[in-house]
Structures are given as C-alpha cells and as structure tokens.
Amino acid sequence: MQEVMTRIELSGILGKTYGKVHHRLVRTPAEAINALAKTINGFEKFLNTSKARGLTYAVYRDKKNIGVDDLGFPVSGEVIRIVPVVIGSKKAGVLQTILGVALVAAAIWMPGIGIAASNMMFAAGSAMAVGGVMQMISPQVPGLASKQDADNKASYAFGSVTNTAAQGYPVPLLYGRRRIGGAIISAGIYVEDQQ
C-alpha cells in the first residue's frame, strides 16, 4: 500500500481549535487520524474527552460518510473530512457517527490488525450501528407547531400569550412585565352549594 499526500479537513470546533486544513502522507483514514493525534498538541485528548462534552464525529472520504469498518481502507488522494456532531441530534442518528474515543482506538489498532482487534472493532461498529438505528426510530418530542393544538391552547386566565410549556422545552423566567405564557400546573373549577 502506497502513502499518498491527503488533505484532511476539520470542521466545527475541531477546525476552529486545531486548524481547518491539514496535509499528511498517509495510507488510510485511520492513519490520518493517528497522524493528527501525534503531530497536533491536545488533539488526541480532545477526541478522547469529546463524549463528555456531548460530541460525536462523522468521518467523510470525499463526500461519502464512512464508518469504523471503512477507516482501514486505503485512500487515493481523496479529501478526508472530520465533522463534529452533537450527541442526540437527529443528524447524529442519520449519519454513521463515530465516537471520538472509537476514532482514536481505530487509529491505533488499524495498522497491525489482529483477530482480537478485529473482534473488538466488529463489536464497537455493531453497537454504534444499533445505537444509530435506535436513535432514528425513537420518538421525538413534538414541536409547538400550532396554536390550536389541544395541549397548547392560549390561556386567557393568565394572559393572552400562548403557552409554551411542554415536555422537553425550557421553563420561561419572568423579569419585569409579564410577556410569557403561563405554565399551568393545575387548574379547575368546581361548584359548591352554599346554604
């Protein structure tokens, strides 16, 4: 396998922190990640700790999104792009995302892959694939699309502003005059006989 000068593009916070474009003489995307980890101070630590910051990564070869299994395939002058994706975002399920820790592990284990490493990579890849599928089919909190929704009608008892209280949305905080919808916890009217 021949080494080729490869353009590596870092997007998002990676690009802002470590530079957007890098060129390395590498054989595979795994070697490209390993080369960046060895030549850029703090890059490997950033990838290892990115899960705690709520980030995962999508790796592209040219415009094709690749998974952990494809990191060992040779490059032939293509552009490798590493894009941070927020964990839990809808795009994270659609894209074949790779956790930063898995990127570093793949970069270290790919050059001399053995049976144990192969099994480990298979387990990690299948777990990520199942996680992505689960994220795609899991129900999402519905948006506040309509003012006439049964659960989201305007409350004129507390003002004329539409209520925005729903599961998964922030609770409004009032400063000064009231210009926010009320978050009704409990309301009811009952009639009592007075004699």
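Where a number appears in this text, it was derived from the coordinates with a stated rule and is not lab data. Treat the numbers as computed from the prediction; the structure is a model and nothing was measured. Neighbour counts are summed over all protein chains in view; Cβ atoms, including those assigned to glycine, are modelled from backbone coordinates with ideal geometry.
So how many residues does segment 6-29 have that are free of Cβ contacts under 8 Å to residues at least 60 places away in the same chain and farther than 17 Å from K63 by Cα?
11
Could you run through segment 40-67 and say how many residues are of a type in the set (D, E, K, R), buried (at least 16 other Cβ atoms within 10 Å of the Cβ) and not in a helix (DSSP H, G or I)?
Adding up the residues that qualify gives 1.
Can you tell me how many residues within segment 1-34 are aliphatic (A, V, I, L, M) and crowded, with 19+ Cβ neighbours inside 10 Å?
7
Which number in (1) under 24 Å from the mean Cα position of the chain (by Cα); (2) under 21 Å from F73 (Cα atoms) marks the one condition that V26 misses?
Only one criterion in (1) under 24 Å from the mean Cα position of the chain (by Cα); (2) under 21 Å from F73 (Cα atoms) is unmet by V26, namely (1).
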